[in-house]
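Just so you know, all these numbers are worked out from the coordinates, no wet-lab data involved. As the structure is a computational prediction, the values presented were derived from the model and not from experiment. Don't worry about glycine lacking a Cβ; one is built from the backbone with ideal geometry, like all the others, and counts go over all protein chains shown.
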Ligand SMILES: [Zn+2]
């Protein structure tokens with residue numbers, strides 16, 4: 001069965017804000033490298049629709065979503081509005097965030113329907129810093145959380161795991177899923193990077209691995225093998241979602257990890273191995289961070305290439 005590839009038109013045109021590293025060039029570079037490597041012909045490109053309000057409201061408060069929509073609409077007249085140090089809302093923001101979440105949800109639907117083996121949602125804006133009622137870190141709507149809750153509440157799955165290897169802590173995902181025992185979140189990140197000043201997670205369904213600056217592939221794979229895999233095997237998810245940020249790469253300016261493309265491939269192989277063991281290989285990966293354009297493209301392509309390979 002093929003690997004599905006989901007994206008949307010606004011990935012290529014929506015601008016986050018002045019000089020933001022979260023730019024259309026990120027998606028352009030990934031797709032360009034996919035083309036160069038022949039990967040575009042290997043994946044199955046599938047359409048998606050914007051997330052429905054119902055899907056978004058499983059993860060976010062109604063008042064928050066209404067404010068997001070209104071601020072985005074008003075930006076047509078008043079110009080973009082800055083809502084955190086790094087995050088702006090303009091006239092395309094709400095629609096782009098809905099389309100990103102919608103692509104993740106459609107990927108989940110298709111994988112669970114068995115039409116594709118696994119999938120990559122190549123989308124922006126990212127989502128894992130968006131909480132029930134807060135937006136920052138370039139994130140407005142939490143795509144991975146919307147996708148997990150859709151799988152549980154609409155498709156009837158009983159357990160979903162989220163694996164997050166973005167170099168930044170998934171504070172938004174934590175906020176949404178904490179205490180929901182149907183979801184287990186496995187997250188490794190640089191403990192000194194954004195978002196700052198957070199307390200350790202209290203909920204038992206959040207398995208965090210804060211790591212020091214300078215951590216490399218060996219350190220990360222130790223977490224995957226010693227913590228993630230045994231716990232994933234005992235949790236027995238019916239679907240694994242990946243919050244795939246590629247900003248732990250050694251070339252990345254946003255953080256201080258030292259991963260390479262090889263490490264992303266290896267990590268992907270390990271997560272796929274667990275997916276095969278517990279849920280028939282059902283895995284949906286969703287793009288989060290990664291802002292050094294060249295290492296992002298190389299790492300994402302290493303990840304997607306691995307997804308397309310069978311056992
Ligand atoms: Zn990140």
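Helical content alone sets the calculated 222 nm signal of the chain at -12500 deg cm²/dmol, taking -39,500 (n - 2.57) per DSSP H segment of four or more residues and averaging over every residue.
For the residues 159, 109, 41, a GNM of the chain with alpha-carbon springs under 10 Å puts the largest fluctuation on 41.
Rounded to a whole number of µm²/s, how large is the Stokes-Einstein D of the stretch 7-60 at 25 °C and 0.890 mPa s, given Rh as the Kirkwood radius over C-alpha pairs? Translational diffusion coefficient: 182 µm²/s. With the convex hull drawn around the C-alpha atoms of the stretch 198-238, the volume per residue stands at 88 Å³. A simple packing score, the average count of other Cβ atoms within 10 Å per residue, orders the peptides 45-52, 249-256 as 249-256, 45-52, with the highest score first. Report the gain in length on full extension from residue 227 to residue 276: 0.36 nm times residue separation, minus Cα-Cα distance, nm rounded to one decimal. Roughly 15.9 nm would be gained on extension.
If you run the Gaussian network model on the chain, springs between alpha carbon atoms under 10 Å, then out of 268, 44, 115 the most flexible one is 115. If I take R0 = 41 Å and measure r between the Cβ atoms of residue 35 and residue 196 in this structure, what FRET efficiency does the formula 1/(1 + (r/R0)^6) give, to the nearest 0.05? FRET efficiency, residue 35 to residue 196: 0.60. As a length-normalised measure over Cα pairs under 8 Å and 6 or more apart, the relative contact order of the chain settles at 20 percent. Once you divide the Cα radius of gyration of the stretch 167-311 by 2.2 N^0.38 Å, the number left is 0.99.
Roughly speaking, what is the centre-to-centre gap between the stretch 257-311 and the stretch 128-183 when only Cα atoms are used, to the nearest Å? Distance between centres, Cα-based: 19 Å. Legend: ranking of residues 117, 169, 58, 294 from fewest to most surrounding C-beta atoms inside 10 Å; resulting order 294, 58, 117, 169. Rounded to a whole number, what is D in µm²/s for the stretch 1-155 from Stokes-Einstein with the Kirkwood radius over alpha-carbon pairs (4 °C, 1.567 mPa s)? The Stokes-Einstein estimate is 82 µm²/s. The simple Förster model, with R0 at 25 Å and r as the Cβ-Cβ distance, assigns residue 310 and residue 58 a FRET efficiency of 0.15. If R0 is 35 Å, the Cβ-Cβ spacing of residue 204 and residue 12 corresponds to a FRET efficiency of close to 0.30.
Rg over Rh for the stretch 5-94 works out to 1.04, both radii taken from alpha-carbon positions and Rh defined as the Kirkwood radius.
With neighbour counts taken as other beta-carbon atoms within 10 Å, the residues 40, 295, 100, 23 rank, fewest first, as 40, 23, 295, 100. Among 165, 138, a tally of other beta-carbon atoms within 10 Å of each Cβ gives an order, fewest to most, of 138, 165. By the Stokes-Einstein formula, at 0.890 mPa s and 25 °C, the chain with its Kirkwood radius over alpha-carbon pairs has D equal to 130 µm²/s. Among 184, 203, 300, the residue with the largest mean-square fluctuation in a Gaussian network model of the chain, with springs joining Cα atoms closer than 10 Å, is 203. With Cα atoms as the point set, the stretch 102-201 shows a radius of gyration and Dmax of 13.6, 43 Å.
Kirkwood's formula applied to the C-alpha pairs of the stretch 68-151 gives a hydrodynamic radius of 13.4 angstrom. Volume per residue for the stretch 253-311 equals 85 cubic angstrom (convex hull of Cα atoms).
Quarter the surface of the alpha carbon convex hull of the stretch 86-127 and you get the mean projected area, 3.2 square nanometres.
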